[in-house]
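J.: One structure, pasted below without further comment.
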Amino acid sequence: MKKKNPVLLIVGVLLLIAGIILSVHFFRPELEDFLNTTTGRYYAYSLLLAFIGVILTVAGLYRLFGRKEELSRREKLLRVTQAGLLAALCYIGFAFFKLDITVGTSSTAFHLGNVFCVLAALLLGGFWGGLAGAVGMTIGDLTTIYVTSAPKTFILKFCIGLIVGLVAHKIFHLVKCTGKGKIIGVTVFASVCGMAFNVVADPLVGYLYKTYLLGVPQDITKTLLKIAQLTTSVNAVVAVVCASIFYLALRPALKKAGLLADVK
């Protein structure tokens, strides 16, 4: 029996502690236009560091005490490669295919990033798919005007992946599904579950995050909340339709080429 390695857990805890300490240090709501200052950006980076620490801590605990999925070297390479490609597509879908709506110092957007976030979870499962979506979309935030939203994005996109992967692969075992109707049904249902979570969580978490962590005035966040409900709903419908179509089109080709990940 292989000895379990606690390195991931230790790294996660250290990042979490460092992120919390730095967040407290850089939080300066008394500064004028705090979010658009260098200090505000450092605060956002610190929050992101803390949230990544949370994810790694949970993953480390699962690796130590949970059931570990055994993957061959080829399967690991396949998942890492596909996760990297899908993370890049998430970034492109958000950074280059979006329509920004600005309210005060904050913004929301119609975009295509969620399409590839859902697709990643359908192809790779909850953890790898969620990680691809979280990394790709977070990089999109960090390289655009949404830099202060990066921590929120990382958590929410990772959760979307976990939910889609849970429904598609843990409950319905999508990879082993036979029959065109069942495959379509499971694909669409899993996508809907992930996006339904996002329709509720994104505006709500965004409101709480901007109000209580970033110190944005409540009148601005309430207005942004109403607009975010619309943009998130439209983004969700587009994500369900497009991700389902892409998965159903890619599945036979990937399976024939031996590149469809055997997600269990």
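The values are calculated or read from the model by the stated rules, or taken from the named source; none is laboratory data. These numbers come from a predicted model, not from an experiment. Note: ideal-geometry Cβ built from the backbone for every residue, glycine included; neighbour counts use all protein chains shown.
J.: With respect to residue 219, determine if the residue is surrounded by fewer than 19 Cβ atoms within 10 Å (Cβ to Cβ), in the same structural domain as residue 153 (by TED's automatic domain parsing) and under 30 Å from residue 23 (Cβ atoms). Please lay out each step first, then the result.
T.: Details: surrounded by fewer than 19 Cβ atoms within 10 Å (Cβ to Cβ): yes; in the same structural domain as residue 153 (by TED's automatic domain parsing): yes; under 30 Å from residue 23 (Cβ atoms): yes.
Taking the combined requirement at face value, the residue satisfies it.
J.: OK, next. Considering every residue within region 198-214, establish whether at least one is free of Cβ contacts under 8 Å to residues at least 24 places away in the same chain, under 15 Å from the mean Cα position of the chain (by Cα) and crowded, with 18+ Cβ neighbours inside 10 Å.
T.: no
J.: Given the residues 132, 50, 109, 83, which is the only one that is closer than 29 Å to residue 224 by Cβ, assigned by TED's automatic domain parsing to the domain that holds residue 230 and assigned to a helix (DSSP H, G or I)? It would help to see each step written out before you state the result.
T.: Values: 50 fails: assigned by TED's automatic domain parsing to the domain that holds residue 230; 109 fails: assigned to a helix (DSSP H, G or I); 83 fails: closer than 29 Å to residue 224 by Cβ.
Criteria check complete, one pass: 132.
J.: Which condition from (1) crowded, with 18+ Cβ neighbours inside 10 Å; (2) touching a residue at least 40 places away in the same chain (Cβ under 8 Å) is the one that residue 225 breaks?
T.: Single failed check for residue 225: (2).
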